[in-house]
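Reading through the structure tokens given below for one structure.
The values are calculated or read from the model by the stated rules, or taken from the named source; none is laboratory data. Bear in mind the structure is a predicted one, so any value in this text is a computation, not a measurement. Note that each Cβ is placed from the backbone with ideal geometry, even for glycine, and that neighbours are counted across all protein chains shown.
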Amino acid sequence: MKFSLKNKVAVVTGGGSGIGKAISLTFAKQGAEVHILDFNLEGAEETVKEIEALGEKAKAHKCDVSNQVNVESIIHSITENGKIDILINNAGIAHVGNIEAVEEDDLDRLYNVNVKGVYNSIKACIPSMKKNGSGVILNLASIASSVGINNRFAYSMSKGAVLTMTYSIAKDYVADGIRCNCISPGRVHTPFVDGFINKNYPGKEAEMFEKLSKTQPIGRMGQPQEMADLALYLCSDEAGFITGSNYAIDGGFITLNGN
Ligand SMILES: NC(=O)c1ccc[n+]([C@@H]2O[C@H](COP(=O)([O-])OP(=O)(O)OC[C@H]3O[C@@H](n4cnc5c(N)ncnc54)[C@H](O)[C@@H]3O)[C@@H](O)[C@H]2O)c1
């Protein structure tokens, strides 16, 4: 079978919802044992239940990725009697606003989860991957990593760092057999998008949903499963020649807008 993840162990941060949930389910279906690290334990346990109903293996861990001690102790509990083949850095939070609307607390929160969370998870997994001489890391960047999006100052700052951390890790660990890539989705219809529409545009939800859908030249938002299928390819052995790459999956947002 192509794209098999049989006998692989995958860690997915934020696997209790949206894109992370779709990745967790897809990887489990391909045979991976999936560990979900999520702040929201209930969401993570729900994903585990769905995976177990398919006859596959998964475990939920309550984890705040911004807390280094918390991340390290969970990763250690997985690697002390086993290994980690794949790390998906997916946990992330949103913020809407230009620099005037970003308070210091907002900036720190976005940094702590979206940047430090990725640093914490990679740092915790690298020793085991180095020991095994192999590993794949996939980070959830964004179109906001590469182009300006209105009113996303703090979010763009954090996702720019995800892109450059990807390049840095790919270069530093290529000789250890570790590949590191990122994907840059356009808008994907998940609770993340519904949440920020509800919070920031009360009373205008349907209008904003339509507006955000149309910012993709393809005319709609992406689906979590479409992100999971690209993630599956990039984390499979079939993608063994790919490292240090950023894949746009954005309905044409980056290259077609403005033409
Ligand atoms: N949905 C989009 O349009 C879109 C576009 C581009 C990039 N992304 C990125 O994809 C990733 C997933 O987005 P989504 O839309 O599926 O989001 P989501 O809100 O549906 O899910 C995010 C998950 O991360 C978890 N989480 C949040 N903070 C955490 C923390 N500190 N520690 C552990 N877990 C935490 C949440 O509990 C949740 O289960 C994010 O990094 C986001 O920035 C999303």
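What to note about this one:
- Some residue of segment 58-66 being assigned by TED's automatic domain parsing to the domain that holds G135, out of contact with any Gly (no Cβ under 9 Å at 6 or more places or on another chain) and more than 14 Å from the ligand (Cβ to nearest atom): yes
- F196 being within 22 Å of G117 (Cβ to Cβ), surrounded by 14 or more Cβ atoms within 10 Å (Cβ to Cβ) and not assigned by TED's automatic domain parsing to the domain that holds S128: yes
- Every test in (1) touching a residue at least 12 places away in the same chain (Cβ under 8 Å); (2) within 16 Å of the ligand (Cβ to nearest atom); (3) not aromatic (F, W, Y) is passed by K49 save one, and that test is (1).
- Pairs where the first residue, in segment 1-30, is on the phi > 0 side of the Ramachandran plot and the second is in a strand (DSSP E or B) and within 10 Å of the ligand (Cβ to nearest atom), C-beta under 7 Å, 6+ apart: G14/D38
- Under the condition of being over 18 Å from I19 (Cα atoms), within 14 Å of the ligand (Cβ to nearest atom) and among the charged types (D, E, K, R), the residues counted in segment 182-213 number 2.
- The residues of segment 10-22 that are more than 9 Å from the ligand (Cβ to nearest atom) and of a type outside the set (G, A, S), listed by number, are V11, V12.
- Within segment 175-198, being within 26 Å of I254 (Cβ to Cβ) and over 16 Å from the mean Cα position of the chain (by Cα) holds for D194, G195, F196, I197.
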